[in-house]
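> Can you read through this structure? Questions will come right after.
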Amino acid sequence: MTATEVSRPAPSRLRLPSAAWCGVLALLAALAAGHLVASFVSINASPYLAVGNGAIDLTPVRLKDFAVRTFGTYDKLVLLSGMAAVMAVASAAAGMLSARSPRPGVAIIALFGVVGGIAVYARPDLSAVALLAPLASLVVGVAAFVLLHRLAPRKQDASKHASAGSSRRSFLLGGAGIVVGAGALGGVGQLISGTRDATASRAAVGKLMPATAAPAIPADADFAKLGTPSFLTPNPNFYRVDTALSVPQVRTEDWSLRIHGMVGKERTYTYADIRNRPLVERTITMTCVSNEVGGDYVSTSDFIGVDLADLLAEAGVRPGAQQLFCTSVDGWTSGTPVAAALDRGRGAMLAIGMNREPLPLEHGFPARLVTPGLYGYVSATKWVVDIEVTTWKARQAYWLKRGWGEQAPIKTESRIDTPKGFATVPAGAVRLAGIAWAQHNGIEKVEVRVDSGAWQPVTLSAEVNLNTWRMWWTQIAVKPGTHQVFVRATDKTGYTQTDQRAGTVPDGATGWHSTTFIAA
Ligand SMILES: Nc1nc2c(c(=O)[nH]1)N[C@H]1C(S)=C(S)[C@@H](COP(=O)(O)O)O[C@H]1N2
Ligand SMILES: [Mo]
């Protein structure tokens, strides 16, 4: 031992639990400050959401596909909770590394701030002003950490009882102050961003009545009583898939759609422009490319809007144009084949309503695209604000860049809804029911097979149009025991579903859906 070491007092160390709390509370303060500042700019500038959105954009396609398939609509909740857990643990660790000096903690918190800044900077829908949010997080996070670190009780204090007590008190007070302050900042931020909420704007639109209504859905279009879904999907049950962590809030008065690029004359439409046109209504079944065999990313609605081909005709698409590069208000993009958009027989729409209501916010309010027969990622941009008419080479859309296909016609598929997997049913006559779809081509025939028996035709529901699903049902005699039933559809081009299993990447799953049940 050298003389100098002996003469220096032992360094005062924070107790590990207090050190951890310094980190966690500083994180809380940082997130709240960022949220408040973001509320003035765009809620997506909130560093927490920006990092989450960045994570979504960077996630490898197979992992993302897995998340969508496994967690469904909860994928975002899972991501946000996971991020919160990782951040809490990391900030507690940052605190604990700073038992002696605040420097490691300050460095780690500053690093968090920088990551938040990069995430905000990378968002296509945010301007440079948005960087103020992560900056506020960084400054407030570091300040809170340094303050708490100074207030935290030291280990050596334990011998001097009186000062230990007062130090613990001021730490508790400081910590409580930060919790209350963070709650207030975050709450005010939430209130401010709430004023930009689009709910009131949607309510003000009221009921939408088409000038040209879709033909009424016949009673025998579904076999809901026998175990199929209802023909039209109620809006709250319509499947939802998108990359938006917070649902974009766009008021009708703030919305416009610009059509430009390879056109004769650039056009911009306001909401009133669209709303005041004669509206058409079409019954369309949408499907997501991430739908696994047997999955439920398939729903049907009466969409109300205008013909996309009309808008494109007004702009005048120039020869050589190949894709509509469509951008949503939050920067997501899709590439729709021009040929499909211009094909009047297909009936692509700029939709503003579903089932006579304005689009629900999560389905693209005020306006979205719907292109019958193509998977949603190439054809159904929600919160659409920009359509650039261009070539495939000039622009690459969000999912195309991430390994999904350029052309994405919906594959002919079928599903068994009844009985449910591993259900026990009375032996004898067993009822089977489900759906089949082959949008744009139409369903010709559906067959079922029990175990290794022969394929048997089933009863099909009334055909509503070629762009919608069809329901089916049948009854089969089975002996007691465990059975596996398969389904396959044939579309009107004569194509029968292959039994070859393919995954969802890059352009949609294939294979026969089957269900195992017990007859007793
Ligand atoms: N802005 C935006 N639009 C989007 C998406 C998205 O992530 N962002 N996802 C697309 C995908 S993959 C599908 S399948 C459909 C789903 O539409 P829905 O959520 O209304 O069912 O929206 C499409 N439009
Ligand atoms: Mo999708």
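Just so you know, all these numbers are worked out from the coordinates, no wet-lab data involved. Bear in mind the structure is a predicted one, so any value in this text is a computation, not a measurement. Don't worry about glycine lacking a Cβ; one is built from the backbone with ideal geometry, like all the others, and counts go over all protein chains shown.
> Summing +1 for each Lys or Arg and -1 for each Asp or Glu, what net charge is found among the other residues whose Cβ lies under 9 Å from the Cβ of HIS260?
-1
> Here's a follow-up. Which part of segment 115-144 falls in the paramagnetic zone of ALA55, meaning amide N under 18 Å from the point 7 Å along Cα-to-beta-carbon?
Only 115-123, 134 fall inside the zone, counting backbone N under 18 Å.
> Contour minus end-to-end for ARG103 and GLU314, with contour as 0.36 nm per residue of separation and end-to-end as the Cα-Cα distance?
That works out to 69.7 nm of additional length.
> Given the peptides 292-302, 24-34, 417-427, 219-229, arrange them by the average over their residues of other C-beta atoms within 10 Å, most packed first.
With the highest mean Cβ count within 10 Å placed first, the list reads 24-34, 292-302, 219-229, 417-427.
> Can you give the helix-only mean residue ellipticity at 222 nm for the chain, where every DSSP H stretch with n ≥ 4 adds -39500 (n - 2.57) and the sum goes over all residues, rounded to the nearest 500 deg cm²/dmol?
So the calculated ellipticity at 222 nm is -11000 deg cm²/dmol.
> Turning to a different aspect of this structure: May I ask you to order 230-238, 135-143, 440-448 by the average number of other C-beta atoms within 10 Å around their residues, highest value first?
Ranking, from highest mean packing down: 135-143, 440-448, 230-238.
> I'd like to verify something in the chain: which complete DSSP H helices, judged by Cα projection on the helix axis, reach 20 Å or more and average at least 1.0 on the Kyte-Doolittle scale?
TM-like helix candidates: 16-41, 75-96, 103-122, 132-151.
> For the residues VAL478, VAL487, what sequence is obtained by ranking on other C-beta atoms within 10 Å, fewest first?
VAL478, VAL487
> Where a Cα-Cα gap under 17 Å defines reach, which aspartates and glutamates qualify for LYS76, not counting those fewer than 8 residues away within the same chain?
Output for LYS76: ASP57, ASP65, ASP242, ASP330, GLU362.
> Next question. Listed here are the pairs LYS265/LYS393; LYS207/LYS265; LYS64/LYS207; LYS382/LYS420; which of them are more than 25 Å apart at the Cα?
LYS207/LYS265; LYS64/LYS207; LYS382/LYS420
> Mind giving me the FRET efficiency for LEU63 and THR268? R0 is 41 Å, r the Cβ-Cβ distance, nearest 0.05 is fine.
0.60
> Quick check: residue separation of ASP499 and ARG277 times 0.36 nm, minus the Cα distance between them. What number comes out in nm?
Full extension of this stretch gives 75.3 nm more.
> If you stretched the chain out fully between LYS207 and THR70, how much longer would it get, using 0.36 nm times the residue separation minus the C-alpha to C-alpha distance?
Between LYS207 and THR70, full extension yields an extra 45.8 nm.
> So which lysines can LYS445 reach, going by Cα to Cα under 18 Å and dropping same-chain residues fewer than 8 places off?
Partners within reach: LYS411, LYS492.
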